[in-house]
Amino acid sequence: MNPNSKTLKAALFHGAGQPWTIITISDTNFNEDRAIIETEACTVCSSDIHTVMGRRGGPTPSVLGHEAIGRVWKLPDSWTLKDVEGRPCAIGQRLVWGVAASCGECLFCQNAIPQKCQRLVKYGHHRYTMGETPRGGFSQCVELVEGTPVVGLSDAIPAGMACLAACAGATVAATLRMAGGQKGQQILVYGGGVLGAIACRMAKSLGADLVICIEPDQLRRERALIFGADHAMDPSDLSIDDKLKSIAHDGLGADQALEFSGSGTAFASSMRSVRTGGMIVLAGAVFPAGSIEIEPEQIVRQMLTIRGVHNYSAIDLQSATVFLESEYRKFPEIWLMLAGESFAIDEMEKAFAWAAKSPGVRAIISMKK
Ligand SMILES: [Zn+2]
Ligand SMILES: [Zn+2]
């Protein structure tokens, strides 16, 4: 082995209930056609928890993690790594990358849903073959392929918060974009977890007139108020829909409902609580949560628009990153409420055990620990 070569660690997931293993990757094995990132940190997204708990399938073994940031270590030989605004990236540059790379040419890419690209490469979800450079964030190095959206980061934003841009922040940005403008709008936010909290703040910063967060946990309701919600309500309240309606537009109902909880009852509540002509955007139901009955007549007579949003596109990663950086400069103490404990890469079992019992905050896998 070359005495100057460097070895890096990655955490390998073998399936629910199986112990994680640590593998080493040598920098002599890096693929010349990839950008190589030295990972700084990767936060544990709820979907990783679903996978590790066995509630969501996925190929194994795999290197999970898709909310990561790092610095450019090696640039590819055959293409130029550029940020979403088209500027070439430099060695050492701190950046965040999207959850998927897309081709830019297929039907879905041409129709502004690159996250559904027919040649999609997803980070943190594929089967790992020994010797490869991982594409999941629970690794000290990650390879990026052509077509991956990347956004530069300043050094000022802490790693645990910057990571949020890559999944939670960008998904919220996509949801708000799909809902239309928020200026002057009265908005219901279902779910007060990490996405719900970000949504309250982002909707307010975009000029929302009224934001109501619907969340069963009292501490997360209180946090939603700190994040800018005007009201926070408990969905177990039997008269919740009447109350939501009476607050929004004096009984006419809210303009928009943004659903991040994934619960069917939340969706049903949103249909009863938006106004005629209202917009409902569903983003939380990323696992089977049971079906609900819908009366088509209600959609027709109430002229409702119902949209689903899964993942996001490059512009959402960009707007989430800009938003989180500017928010952190203004209100660091608020944003640190979303950051949980930090763990080293060889503490994955401990990190996931902590994350599973700490909903609404992110465990951080720090490569510097
Ligand atoms: Zn995620
Ligand atoms: Zn495509």
_From the list 341, 325, exactly one residue is out of contact with any Asp or Glu (no Cβ under 8 Å at 6 or more places or on another chain), of a type in the set (Asp, Glu), more than 17 Å from residue 47 (Cβ to Cβ) and assigned by TED's automatic domain parsing to the domain that holds residue 14. Which is it?_
341
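Condition check ((1) touching a residue at least 40 places away in the same chain (Cβ under 8 Å); (2) in the same structural domain as residue 90 (by TED's automatic domain parsing); (3) not small (Gly, Ala, Ser)) across all residues:
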site	(1), (2), (3)
147	yes, yes, no
153	yes, yes, yes
157	yes, yes, yes
162	yes, yes, no
180	yes, no, no
184	no, no, no
187	yes, no, yes
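A quick yes/no check of all residues on (1) in a strand (DSSP E or B); (2) outside the structural domain of residue 156 (by TED's automatic domain parsing); (3) within 7 Å of ligand 2 (Cβ to nearest atom):
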| residue | (1), (2), (3) |
| --- | --- |
| 79 | no, no, no |
| 85 | no, no, no |
| 96 | yes, no, no |
| 108 | no, no, yes |
| 112 | no, no, no |
| 115 | no, no, no |
| 119 | no, no, yes |
*Being at pLDDT 95 or above and surrounded by fewer than 17 Cβ atoms within 10 Å (Cβ to Cβ) is the filter here, so list the residues in the stretch 252-267 that pass it.*
252
*Applying the selection to the stretch 23-52, what residues are over 29 Å from residue 169 (Cβ atoms) and part of a strand (DSSP E or B)?*
23, 24, 26
*Residue under evaluation residue 133, criteria (1) away from ligand 2 (no atom under 16 Å from the Cβ); (2) under 21 Å from residue 256 (Cβ atoms); (3) in a loop (DSSP other than H, G, I, E, B), criterion not met*: (2)
*Please work out if residue 104 is within 16 Å of ligand 1 (Cβ to nearest atom), in the same structural domain as residue 338 (by TED's automatic domain parsing) and assigned to a loop (DSSP other than H, G, I, E, B).*
no
*asked:* Taking the criterion of being in contact with a helix residue (DSSP H, G or I) (Cβ under 8 Å, 6 or more places away or on another chain) and within 25 Å of residue 369 (Cβ to Cβ), would at least one residue in the stretch 175-189 satisfy it?
replied: no
*asked:* I need the helices (runs of 4 or more DSSP H) fully contained in the stretch 169-271, keeping only those with at least 1 residues that are closer than 26 Å to residue 318 by Cβ.
replied: 194-205, 218-226
*Tell me which residues, restricted to the stretch 144-202, are within 16 Å of ligand 2 (Cβ to nearest atom) and among the charged types (D, E, K, R).*
146
*Report, by residue number, each residue of the stretch 27-63 that is over 15 Å from residue 128 (Cβ atoms), within 14 Å of ligand 1 (Cβ to nearest atom) and of a type in the set (Gly, Ala, Ser).*
46, 47
*Can you spot a residue in the stretch 3-23 that is of a type in the set (Phe, Trp, Tyr) and surrounded by fewer than 16 Cβ atoms within 10 Å (Cβ to Cβ)?*
no
*Single residue of 212, 226 found to be under 22 Å from residue 306 (Cβ atoms) and in contact (Cβ under 8 Å) with a residue 24 or more places away in the chain*: 212
*Name the single residue, out of those in the stretch 320-369 being farther than 24 Å from residue 260 by Cα and acidic (Asp, Glu), that is surrounded by the fewest Cβ atoms within 10 Å (Cβ to Cβ).*
349
*Within the bounds of the stretch 197-211, is there any residue that is crowded, with 23+ Cβ neighbours inside 10 Å and in contact with an Asp or Glu (Cβ under 6 Å, 6 or more places away or on another chain)?*
yes
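Determine whether residue 70 is under 19 Å from residue 133 (Cβ atoms), more than 16 Å from ligand 2 (Cβ to nearest atom) and part of a strand (DSSP E or B).
Judged against the criteria, residue 70 is a match.
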*Which is buried (at least 22 other Cβ atoms within 10 Å of the Cβ) and either modelled with pLDDT of 95 or more or within 23 Å of residue 366 (Cα to Cα) (or both), of 147, 184, 152, 160?*
160
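The values are calculated or read from the model by the stated rules, or taken from the named source; none is laboratory data. What you see is a predicted model, and the numbers here were worked out from it, not measured in a lab. Counting neighbours? That spans all protein chains shown, and the Cβs are built from the backbone with ideal geometry, glycine included.
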